[in-house]
Amino acid sequence: CGFQLRGAVDIPPDLSPLYVQSGGLVGWAIESRLPGSGVQTTRDATKAGMVLRILSESRDSRVVALDRNGRALAYVLTYRVRFDARDDQGNVLMPPQSIVLERTFDDNPDVSVLGKQEESDIIYQDLANDAADQVLLRLRAALTARGAASGRTPSKAPGGGVPAS
Amino acid sequence: QSAADNPAETPAGSPPDSLADSPPGPRWIEPDAGRLDLGLGWEFCGPRPSRLGPAPAPDLPTPTTPIDFEAGGISYLLDSEVIEATGGVNVARAGQRVEAYRARFDRINGDLATFGTTFLEYPGVRILGQDAQLNLASDTGRINDARYRFSGTTNLRGHADVAYVDNPQRSRYDNISYTSCPPGSNAWSLQAKELTLDQETGRGIARNARLRIRGVPVLYTPYLDFPIDDRRKSGFLVPSIGSSEKNGFELTTPYYWNIAPNMDATLSPRYMSRRGLMLGGEFRWLSRRDSGTVAAEFMPNDQLYDEGDTRGAFSINQQGRFFERWITNLDYSQVSDNEYLQDLGNTIDTTSNRRLLQSGSATYVGNGWSFLTRVEAYQTIDPGVAPEARPYGRLPQLLLTLSPRRFGPGLVGGAEVEYSHFDHNHRVYGERFAFSPNLSWPLRRSYGHLIPSVNLHLTEYALTDEAAGQPSDPGHAIPSFDIDGKLVFERQLDWLGQPALQTLEPRLYYLYTPYADQDDAPVFDSSELNFNFSNLFRSNRFTGRDRIGDANQITAALTSRTLLSSTGDELLRLSLGQIFYFADRRVQISGDTETSDRSPYTGELSARLSEQWAGRASFEWDPEKDEEQWQRRTLTLEYRHPNSGLLNLSYRADETAAEANRYEDTDLSFRLPFGARAEVVGRWLYSLRHDETMDAFAGVEFGECCWRVRVLGRKLKRQPDEDASSSVMVQFELAGLSTIGNPIGKFLEREIYGYQTD
């Protein structure tokens, strides 16, 4: 039905290596997804051909379900990340944009509060992993579009060598 | 036309051209009220709206700017150096202008007197009046019967018996009327015996002032201090008036104190007729190293509570980064009694709290490792939580994390070492030492990944107050193995006329953890993870380190995404998965061994339906159950309009918990603008399970440019065995008379997801 394995495609050499500028969860998640993908990364911003900047990362929660006594039973946890990408000349590859993800978190009062607290941390980590996948998919689209514009469209399959999660 | 290009401070310089050389003056047009607004708009009322830092102070004209002097006819008295000009006089200097039919200028001391109708202009200020006495050397002066107009950083207008110009930045007025409403509107005005407007400080100060609404006096104040631009500065914020079933009549008059550019405070006296006076305060700071907030509330005697008992709340929140590698975090809240937040909280997030976190931590971040020290306790404020069920405190927790490090042929290894002392007054307590190394061998390709990994969980306890017959030093050493494999297929697709990419992502996850008897171990920080799609791929079905679930199972899952080819934006994502068990799960926190050979199905759906609409859903479905097959379900629909209209609708239910903790709730919230000047907001959180409204409010905001009214009515479930209690809150805002800041707006940001104050 037309499906084929996602192809790996060279990143234009002038954009390599990639530097991920972030101190947060999503930055770590992105970096851990890159090895083995053909994308060269660097920890030295001055050597980068392309910079992916995590501009902001924030989390928030709000009550969405209550018990008979008016006490919280469920929250929605929201994770928001804003990012952009530029080449080493400062040209925009991806304009600043946001991804907002959320998940319901049940706070059962009968169980270990410390355990539940860890579960909310796990959820934020999950959401950051999800966001990392989406950031990389958008970067891949941006690089494909750039490649098409400069006549370097890969012949095998579309994509910029950015891996699946 | 005669020009005296002399510096203003040396008016006694060379004489001007003689009268005989002058050509005829410009045709004189008497300035009228229209001149005040000529070329100026009224796009905003009062201070220019802005949230970006301090407003730029207007440019000061340099004192050396030359003066242009134009008149129809000029006579020059040589011996006294006085110029008599008539037939239309126009004196101009960069940014300043004086126009009158007749004027006398004394070149020695700089005095300029005008006769009859006179028009004055300074940067940001225009005045039209009679008979001005000015001094061009000192830039001071006065003018009678003055109509004035401010523009630039603020839009203001009015009339005064006498206007004094102290300098181009500061003016004073006697018997003045003042408003920020556009010409033609007299919605409100301020009448004051004296008023000073200082553009340099951005302040207006009125004495003996009366506020008139549509001409009717409503308020008298001997002294009023208000901002005339958008700079952050001390002053009263918009007060709010309210009435509630629980507290009676309410009045809050917050005062904002701008201590320093990186420090501010807000004092909020709150009067409640049935309870008495409460004093609230918040202090915020921001420095290169840390930032934080301290907030406190104090009620010396609450007449509704325990015969006038003292009540209060305190919280501190701080994040810091010191000496490059130290990160600190303080999050501490405390209230005087269990009912405090329910009685006095204003949002459902506060009134529904079961507990308050009291925690502080410091982390040292090394290269590839970090060390966390944390103390953590809770104040339980839900009386429904039995003493034994209250949370453990961690006094302290020490955690060394060795970050995942690559070595050898693509191996990745890391570890955690933890020591904690868990504290409790009503249950077994004690120390726990844990060591958990892990090793994985990730193979990642563009078309998928294969990641085998091994984990080891070593845990030792030293316990006090354990039940009779239980060992005081249990421990366990449990290995675990898993392998995670995923492939990504994709194809091109046409999505409503746009090129798109559709993926199919099958994923298999195998997990093996041998059974180890952990019944002797206490449950300090372990709880069972909710069953959902992400948790299908977790190597332990419990959180924490007290329980490591035995497992021999495989997860099968499939995800499909549709992405817009041009941007990579996700248009649609659908995930579905299930676990197949090859062994019973004997390790449990409570309850019996689980014996089913497959889990319920779990899935997620998220869809961008159009530019404005988005939808999400998630579920847990167990076809083997006879009833309540849909165990957990959420449905959310979101609408976002570019003109700030929005709507959120959601439905959430959980049938898996104990009877008292199950829920089935709907939540609707919205913001609907009506034209440019009015909007309606609201939220309705309803429990289908208890057939009861938990939180509902509706509000309307309307007004013109120079005044706004916000009215908000609400019902909030605060207490068990009581219906939601109702309250009303009203806020008037007169643009240009109160400091920016809007507590109702903050409340709406909290309650309506996606709401942003303008």
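Being within 44 Å of the chain's Cα centre (by Cα) and of a type in the set (Ser, Thr, Tyr) is the filter here; which residues of the range B:545-592 pass it?
B:555, B:559, B:560, B:562, B:565, B:566, B:567, B:575, B:590
Among the residues of the range B:712-726, is any surrounded by 20 or more Cβ atoms within 10 Å (Cβ to Cβ), hydroxyl-bearing (Ser, Thr, Tyr) and in a strand (DSSP E or B)?
The answer is no; no qualifying residue exists.
Out of (1) open to solvent by 30 Å² or more (accessible area, probe 1.4 Å); (2) more than 8 Å from chain B (Cβ to nearest Cβ); (3) outside any helix (DSSP H, G or I); (4) modelled with pLDDT of 90 or more, the odd one out for residue A:156 is which?
(4)
Looking at A:27, A:2 in this structure, which one is in a helix (DSSP H, G or I), open to solvent by less than 80 Å² (accessible area, probe 1.4 Å) and of a type outside the set (Ser, Thr, Tyr)?
Answer to the check: A:27.
For the range A:139-149, indicate whether the set of residues that are at pLDDT 90 or above, open to solvent by less than 40 Å² (accessible area, probe 1.4 Å) and among the charged types (D, E, K, R) is non-empty.
The answer is no, given that none of the residues of the range A:139-149 is at pLDDT 90 or above, open to solvent by less than 40 Å² (accessible area, probe 1.4 Å) and among the charged types (D, E, K, R).
Check residue A:52 against each of (1) under 13 Å from the mean Cα position of the chain (by Cα); (2) among the hydrophobic types (A, V, I, L, M, F, W, C); (3) open to solvent by 60 Å² or more (accessible area, probe 1.4 Å) and name the one condition it does not meet.
For residue A:52, the failing item is (3).
Cβ-Cβ below 9 Å, separation at least six or inter-chain, first residue in the range B:744-758 and away from chain A (no Cβ under 14 Å), second open to solvent by 20 Å² or more (accessible area, probe 1.4 Å) and in a helix (DSSP H, G or I): which pairs?
Correct list of pairs: B:757/B:746; B:757/B:749.
If we only count strands (runs of 3 or more DSSP E) wholly inside the range B:601-694, which ones have 2 or more residues that are under 30 Å from residue B:711 (Cβ atoms) and open to solvent by less than 40 Å² (accessible area, probe 1.4 Å)?
Strands (runs of 3 or more DSSP E) meeting the threshold: B:630-640, B:646-654, B:663-674, B:678-687.
For the range B:692-705, enumerate the residues that are within 11 Å of chain A (Cβ to nearest Cβ) and either in contact with a Leu (Cβ under 8 Å, 6 or more places away or on another chain) or without any contact (Cβ under 8 Å) to a residue 24 or more places away in the chain (or both).
Residues satisfying the conditions are B:693, B:694, B:695.
Condition first: touching a Gly at 6+ places or on another chain (Cβ under 7 Å), surrounded by fewer than 22 Cβ atoms within 10 Å (Cβ to Cβ) and more than 16 Å from residue A:60 (Cα to Cα). Now tell me which residues in the range A:83-127 satisfy that.
Of everything in the range A:83-127, those that are touching a Gly at 6+ places or on another chain (Cβ under 7 Å), surrounded by fewer than 22 Cβ atoms within 10 Å (Cβ to Cβ) and more than 16 Å from residue A:60 (Cα to Cα) turn out to be A:87, A:88.
Could you tell me whether residue B:281 is open to solvent by less than 30 Å² (accessible area, probe 1.4 Å) and within 30 Å of residue B:366 (Cα to Cα)?
When the stated conditions are applied, residue B:281 does not pass them.
Return a yes/no flag: does the range B:372-380 have any residue that is more than 30 Å from residue B:465 (Cα to Cα), modelled with pLDDT of 95 or more and crowded, with 17+ Cβ neighbours inside 10 Å.
Within the range B:372-380, none of the residues are more than 30 Å from residue B:465 (Cα to Cα), modelled with pLDDT of 95 or more and crowded, with 17+ Cβ neighbours inside 10 Å.
Name every residue in the range B:473-506 that is more than 14 Å from chain A (Cβ to nearest Cβ), open to solvent by 50 Å² or more (accessible area, probe 1.4 Å) and not hydrophobic (A, V, I, L, M, F, W, C), in order of residue number.
B:473, B:479, B:497
Can you spot a residue in the range B:350-363 that is open to solvent by 60 Å² or more (accessible area, probe 1.4 Å) and either aromatic (Phe, Trp, Tyr) or part of a loop (DSSP other than H, G, I, E, B) (or both)?
no
For the range B:395-428, what are the residues that are touching a residue at least 60 places away in the same chain (Cβ under 8 Å) and more than 30 Å from residue B:441 (Cβ to Cβ)?
B:420, B:422, B:427, B:428
For the range B:403-413: of the residues being away from chain A (no Cβ under 11 Å) and either modelled with pLDDT of 90 or more or outside any strand (DSSP E or B) (or both), which is nearest to residue B:364 (Cα to Cα)?
B:413
If a residue must be in a strand (DSSP E or B) and away from chain B (no Cβ under 14 Å), how many such residues does the range A:42-83 contain?
Number of matching residues: 7.
Of the residues A:76, A:39, A:20, which is within 30 Å of residue B:692 (Cα to Cα), of a type in the set (Val, Ile, Thr) and open to solvent by less than 60 Å² (accessible area, probe 1.4 Å)?
Just a single option satisfies the conditions, and that option is A:76.
Condition test on residue B:373, is it part of a helix (DSSP H, G or I) and not hydrophobic (A, V, I, L, M, F, W, C)?
For residue B:373, the condition - part of a helix (DSSP H, G or I) and not hydrophobic (A, V, I, L, M, F, W, C) - is not met.
Given (1) over 21 Å from residue B:236 (Cα atoms); (2) buried (at least 18 other Cβ atoms within 10 Å of the Cβ); (3) of a type in the set (Gly, Ala, Ser), identify the lone condition not met by residue B:735.
Exception for residue B:735: condition (1).
Run residue B:229 past the list (1) under 27 Å from the mean Cα position of the chain (by Cα); (2) in a strand (DSSP E or B); (3) modelled with pLDDT under 90 and report the number of the one that doesn't hold.
Condition not satisfied by residue B:229: (2).
Can we say residue A:39 is touching a strand residue (DSSP E or B) at 6+ places or on another chain (Cβ under 6 Å) and at pLDDT 90 or above?
For residue A:39, the condition - touching a strand residue (DSSP E or B) at 6+ places or on another chain (Cβ under 6 Å) and at pLDDT 90 or above - is not met.
What about residue B:115, is it buried (at least 20 other Cβ atoms within 10 Å of the Cβ) and among the aromatic types (Phe, Trp, Tyr)?
No.
May I ask you to say which residue of B:400, B:450, B:395 is assigned to a strand (DSSP E or B), over 21 Å from residue B:511 (Cβ atoms) and within 13 Å of another protein chain (Cβ to nearest Cβ)?
Checking each option against the conditions leaves just B:395.
Can you tell me which residues in the range B:533-577 are among the polar types (S, T, N, Q), without any contact (Cβ under 8 Å) to a residue 40 or more places away in the chain and out of contact with any Asp or Glu (no Cβ under 9 Å at 6 or more places or on another chain)?
Once the filter is applied, which keeps residues that are among the polar types (S, T, N, Q), without any contact (Cβ under 8 Å) to a residue 40 or more places away in the chain and out of contact with any Asp or Glu (no Cβ under 9 Å at 6 or more places or on another chain), the range B:533-577 yields only B:567.
Hey, can you tell me all the residues within the range B:533-559 that are at the interface with chain A (Cβ under 8 Å from one of its Cβ atoms) and crowded, with 21+ Cβ neighbours inside 10 Å?
Across the range B:533-559, the qualifying residues are B:542, B:543, B:544.
Taking residue B:309, is it at pLDDT below 90 and more than 13 Å from chain A (Cβ to nearest Cβ)?
In short, yes.
The values are calculated or read from the model by the stated rules, or taken from the named source; none is laboratory data. From a predicted model like this one, the values you see are computed outputs, not experimental measurements. Cβ: placed from backbone, ideal geometry, glycine included. Neighbour counts: every protein chain shown. Side chains are part of the model used for accessible areas, which takes the heavy atoms of the whole protein and leaves out ligands, DNA and RNA. Shrake-Rupley method; radii C 1.70, N 1.55, O 1.52, S 1.80 Å.
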